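The values are calculated or read from the model by the stated rules, or taken from the named source; none is laboratory data. Small disclaimer: the values here were computed from a predicted structure and weren't measured. Glycine also receives a Cβ, built like all others from the backbone with ideal geometry; neighbour counts cover every protein chain displayed. The accessibility values were calculated without ligands, DNA or RNA, using every heavy atom of the protein model including side chains. Shrake-Rupley method; radii C 1.70, N 1.55, O 1.52, S 1.80 Å.
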Amino acid sequence: MNGALLVCGTHSDAGKSLVTAGICRWLHRQGVSVAPFKAQNMALNSVVTRDGAEIGRAQAVQAAAAGIEPEAAMNPILIKPSGERHSQVIVNGRPFMDTDARSYQARKDELRPIVAAALADLRARYDVVICEGAGSPAEINLRHADLTNLGLARAAGLPVLLVGDIDRGGVFASLIGTLASLDAEDQAHVGGFLINKFRGDLGILAPGLDDLRGRTGRPTLGVLPYAEDLWLDAEDSLALEVSRPTGGVASRDVLEVAVLRLRWMSNFTDVDALASEPGVRVRFTRSPADIARADLVVLPGTKATVEDLARLRADGLDRALVERAAAGGTILGICGGYQVLGTRIEDAVESRAGVVDGLGLLPVTTTFAAGKVLRLRDGASPRFGTTAGGYEIRHGRIATDDDGEPWLLGDDGEPEGCARGCVLGTSWHGVLEHDDLRRALLREVAARTGRSFTSGGEPFAAVRERHLDRLGDLVEEHADTAALTNLITGGVPAGLPTLTLSLTAKEEPACSAS
């Protein structure tokens, strides 16, 4: 097999990322050399590759589905919002510029060759490249400078699979309306549809699929059923509302984890490993009551540390955290959340707010620097007596006062993190994916709250692999894989009709005299 495909969606969270991962896993299981690609990703969930490049987490997950290591070429442009109007732009895994939306649009011609080179590089090294679009291709105000949807398809000669989410309602209108919003040249690349998250009787849906083909001249290449528990490694914050299972553990023994839902929250997938444990319920919240009653509170990363700290104070969540610490409740801060827990933040880079007081729960000072730390970390946790590791994505440099106790140690001997009583902080994303450390932390939390905790025993890496296999199963069992193969290998289909819209003026009624 040799070829490529662009997976677009009618809107954000239609399922593009999961469908792309599912196709990658299906192809990988067929022995196909396959790689994922997303030209431009706007996301605050990111990872660090082995060579120190920062890319969107979704592309790292898709690479895992394809059985390969993630690399910068899979996501040449990553946009990380750092405020209402400003973002940091990562190009080929490294910080490129800080900009607003209008200025970024003006730089797209400069970035277009970078996208083309990255895709060409992957296509030269892999038999198949499965590309993921962004948002919706029907964002007509952005089409002229598009890098990642039909602009990419036209430039690289890619066939397009358009995904619609039927669970949200209006899927036929979304698919037809998206297609009709494209010009004739763009429509020529759309080879078929895929319906996602279907519940019910396919027999009832079938007439709609026939009508869809009659109206558009394009087939539906599959109807994927609604699947529970696909929350793992979610990219879009819309997925935070999905409930996490507790493994059937009696409610009295469930450990409640409250994750503060920050406005500019980044890498919220750090808590996925907690949610994978039976008897642990993870919820995202901004409720002081939840902070008080939870067994464990997590402050996740943020791309706007000072702004999110100000929002915590405005909502009274700072007082709730201080009161929780005074009462002996466990708090874990990760990266930006760790910085918030410290005594002082000196920021002339991200917010340019100067010196800002932190919550004072950990004896650390954060100073922001222009250079960004991007690296993988391995080590151990003297506090828990386990191995440890993770990855760092930060501008903040942490200085620990003399009374701060590091609870992690890098394999290079560098102390990491700070603990004071029941409050812990670390700059290492992914630290909770280390099974022994995560379970030791949960046992400590359970002992402090008078509950019991028994780990599920399954390594988190195995949980993730099982999740990716489920995505591959959905594609293999519910998509027309022969038609999908033909679309990938055959390229842009020939002779597809163009769907046009026409505006008919309403006739004015004739006047009559009485």
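Considering only residues in the range 290-309 that are among the β-branched types (V, I, T) and assigned to a helix (DSSP H, G or I), the one that is farthest from T269 (Cα to Cα) turns out to be V306.
Listed by first and then second residue, the pairs with beta-carbon distance under 8 Å, at least 6 apart or on different chains, first residue in the range 212-233 and within 18 Å of V492 (Cβ to Cβ) and in a loop (DSSP other than H, G, I, E, B), second open to solvent by less than 40 Å² (accessible area, probe 1.4 Å) and of a type in the set (G, A, S), are R218/G191; R218/G192; P219/G192; P219/A483.
Evaluation of G430 against the conditions (1) over 23 Å from the mean Cα position of the chain (by Cα); (2) surrounded by 15 or more Cβ atoms within 10 Å (Cβ to Cβ) shows that the sole unmet condition is (1). Using the structure shown, decide if T489 is in contact with a strand residue (DSSP E or B) (Cβ under 9 Å, 6 or more places away or on another chain) and farther than 17 Å from K16 by Cα. Answer is yes for this residue. Among the small types (G, A, S) and in a strand (DSSP E or B) - does that describe any residue in the range 73-84? No, every residue in the range 73-84 fails to be among the small types (G, A, S) and in a strand (DSSP E or B). Any residue at all in the range 350-362 that's touching a residue at least 12 places away in the same chain (Cβ under 8 Å), open to solvent by 20 Å² or more (accessible area, probe 1.4 Å) and assigned to a strand (DSSP E or B)? Yes - at least one qualifying residue is present in the range 350-362. When A14, A58 are screened for being under 23 Å from K303 (Cβ atoms), touching a residue at least 60 places away in the same chain (Cβ under 8 Å) and out of contact with any Leu (no Cβ under 7 Å at 6 or more places or on another chain), only A58 passes.
Examine the range 9-29 for a residue that is in a strand (DSSP E or B), of a type in the set (V, I, T) and open to solvent by less than 20 Å² (accessible area, probe 1.4 Å), and state whether such a residue exists. Taking every residue of the range 9-29 in turn, none turns out to be in a strand (DSSP E or B), of a type in the set (V, I, T) and open to solvent by less than 20 Å² (accessible area, probe 1.4 Å). The set of residues in the range 69-93 being modelled with pLDDT of 95 or more and open to solvent by 30 Å² or more (accessible area, probe 1.4 Å) consists of E69, P70, E71, N92.
Here's the yes/no breakdown for (1) exposed (fewer than 12 other Cβ atoms within 10 Å of the Cβ); (2) closer than 22 Å to G389 by Cα:
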| residue | (1), (2) |
| --- | --- |
| D436 | no, yes |
| R439 | no, yes |
| L442 | no, yes |
| G457 | yes, yes |
| A462 | no, yes |
| G472 | no, no |
| P497 | no, no |
| A505 | yes, no |
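Apart from one condition, G425 fits all of (1) in contact with a Phe, Trp or Tyr (Cβ under 8 Å, 6 or more places away or on another chain); (2) under 19 Å from D270 (Cα atoms); (3) surrounded by fewer than 19 Cβ atoms within 10 Å (Cβ to Cβ); the exception is (3). Considering the range 181-215, the residues that are open to solvent by less than 40 Å² (accessible area, probe 1.4 Å) and touching a Phe, Trp or Tyr at 6+ places or on another chain (Cβ under 8 Å) include one that is nearest to R470 (Cα to Cα), namely F198. If you go through the range 297-331 and pick out every residue that is open to solvent by 10 Å² or more (accessible area, probe 1.4 Å) and of a type in the set (A, V, I, L, M), you end up with 8.
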